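Have a look at the structure below before the remarks.
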Amino acid sequence: MKLNEFLLSAVKKGASDIHFKAGSPPILRIYGDIVKIKSAPMTPQAMNSLAFTFINEAKRRNFRSFTEMDTTYTIPNEARFRVNIYRQKGTFAIAMRHIPLKLPSMEQLRIPEVAKRFAMEPRGLVIVTGVTGSGKSTTLASMINYINMHKRSHIITIEDPIEFIHEDIKSVVNQREVGTDTPSFLSALRAAMRENPDVIMVGEMRDTDTIATVLRASETGHLVLTTFHTTDAKETITSIVSYFPPHQQQQVRAQLAANLKGIISQRLIKRKDGLGRVLA
């Protein structure tokens with residue numbers, strides 16, 4: 001079976017994630033459960049060939065030093081995937097996540113109505129939290145889409161990689177990809193402050209400098225939407241503050257108190273009938 005046929009078949013089975021590694025058949029995650037495909041194990045040679053399908057030309061030139069990368073893969077008019085390529089035991093491994101071509105609405109995603117109010121705030125900070133695979137990126141994208149449909153704004157998104165593609169509707173949306181359009185979240189965020197945005201979406205706060213710049217952006221007249229890997233609001237505040245040395249923590253608490261508009265903490269749980277997962 002060809003790659004595109006296999007990926008589309010996996011999506012039809014309800015797979016959210018697809019894993020490839022040498023010595024194992026392809027592995028699907030269906031409604032949260034790991035399912036091994038009944039087929040021959042992938043060989044190291046097959047993994048190299050598959051990885052090269054996704055690796056761009058610049059990375060191919062640095063093949064010997066290549067360790068991991070994030071990218072996307074699109075089957076035109078059919079499906080889109082976020083792709084992470086990495087090395088394990090000296091060979092390539094690949095993790096793919098299905099991204100719907102059409103972004104579901106907030107109502108379809110069962111996102112709380114308060115998220116619409118957060119999205120329409122003129123300034124401040126909104127954080128979407130949850131464990132890996134809980135739909136944070138989709139929630140952020142749906143909020144950007146809501147702003148785009150209801151408000152005339154300049155929106156800048158900083159993503160690694162770009163997942164959902166936003167067309168200009170009422171707003172102007174510029175999407176920057178880390179590693180392609182900018183070297184880092186921090187670099188793009190600092191540049192965004194000079195690009196006249198109304199809304200800045202930062203895909204993830206990964207380090208102290210990025211968190212500090214997000215806080216500054218939120219208090220200088222911008223609405224900043226971002227994600228954080230925590231499970232509830234209390235843990236989010238505690239974790240953000242803990243990134244900073246003790247002598248700065250009181251200032252960070254004050255910045256959060258003045259600028260934080262809301263925290264959306266979410267997870268995906270199985271439906272009672274077992275056919276899919278829903279936001280909770």
Looking across the range 1-35 at residues that are in a strand (DSSP E or B) and basic (Lys, Arg), the single one that is farthest from Phe54 (Cα to Cα) is Arg29
Just to be sure, is Ile269 closer than 30 Å to Asp17 by Cα, β-branched (Val, Ile, Thr), within 22 Å of the chain's Cα centre (by Cα) and modelled with pLDDT of 95 or more? no
Taking the options Ser171, Ser187, name whichever one is polar (S, T, N, Q) and more than 27 Å from Ala79 (Cβ to Cβ). Ser187
Within the range 41-79, can you find the residues that are in a helix (DSSP H, G or I), modelled with pLDDT of 85 or more and either at positive phi or exposed (fewer than 11 other Cβ atoms within 10 Å of the Cβ) (or both)? Gln45
For the range 220-237, the count of residues that are farther than 21 Å from Glu159 by Cα and under 24 Å from the mean Cα position of the chain (by Cα) equals 6
Hey, could you check the range 253-277 for residues that are among the aliphatic types (A, V, I, L, M) and in contact (Cβ under 8 Å) with a residue 40 or more places away in the chain and say which is farthest from Glu235 (Cα to Cα)? Leu275
Taking the range 105-155, which residues are more than 15 Å from Phe228 (Cβ to Cβ), in a loop (DSSP other than H, G, I, E, B) and among the aliphatic types (A, V, I, L, M)? Ile111, Met120
Evaluate the following for Glu195: is it touching a strand residue (DSSP E or B) at 6+ places or on another chain (Cβ under 8 Å) and either closer than 22 Å to Asn84 by Cβ or outside the structural domain of Val126 (by TED's automatic domain parsing) (or both)? no
Kindly list the number of the only condition in (1) over 18 Å from Ile155 (Cβ atoms); (2) touching a Leu at 6+ places or on another chain (Cβ under 9 Å); (3) surrounded by fewer than 22 Cβ atoms within 10 Å (Cβ to Cβ) that fails for Ile240. (3)
Would a scan of the range 221-233 turn up a residue that is in contact with an Asp or Glu (Cβ under 8 Å, 6 or more places away or on another chain), under 21 Å from Ser142 (Cβ atoms) and of a type in the set (A, V, I, L, M, F, W, C)? yes
Scan the range 254-272 for residues that are over 13 Å from Leu215 (Cβ atoms) and out of contact with any Gly (no Cβ under 9 Å at 6 or more places or on another chain) and jot them down. Ile263, Arg271, Lys272
Checking Lys38 against (1) at pLDDT below 95; (2) not in a loop (DSSP other than H, G, I, E, B): exactly one of these is not met. Which one? (2)
Residues of the range 212-237 being out of contact with any helix residue (DSSP H, G or I) (no Cβ under 6 Å at 6 or more places or on another chain) and surrounded by fewer than 18 Cβ atoms within 10 Å (Cβ to Cβ), which ones? Arg216, Thr220, Gly221, His229, Thr231, Asp232, Ala233, Lys234, Glu235
Within the range 80-102, how many residues turn out to be of a type in the set (A, V, I, L, M, F, W, C), crowded, with 18+ Cβ neighbours inside 10 Å and within 24 Å of Ile269 (Cα to Cα)? 5
Of all residues in the range 176-214, count the ones that are of a type outside the set (A, V, I, L, M), farther than 20 Å from Asn259 by Cα and in a helix (DSSP H, G or I). 2
Give the residue that is farthest from Thr139 (Cα to Cα), with candidates limited to residues of the range 186-208 that are charged (D, E, K, R) and surrounded by 15 or more Cβ atoms within 10 Å (Cβ to Cβ). Arg190
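The values are calculated or read from the model by the stated rules, or taken from the named source; none is laboratory data. Just so it is clear, the structure is predicted and the values come from calculations on it, not from any experiment. Cβ atoms come from the backbone with ideal geometry, glycine included; neighbour counts cover every protein chain shown.
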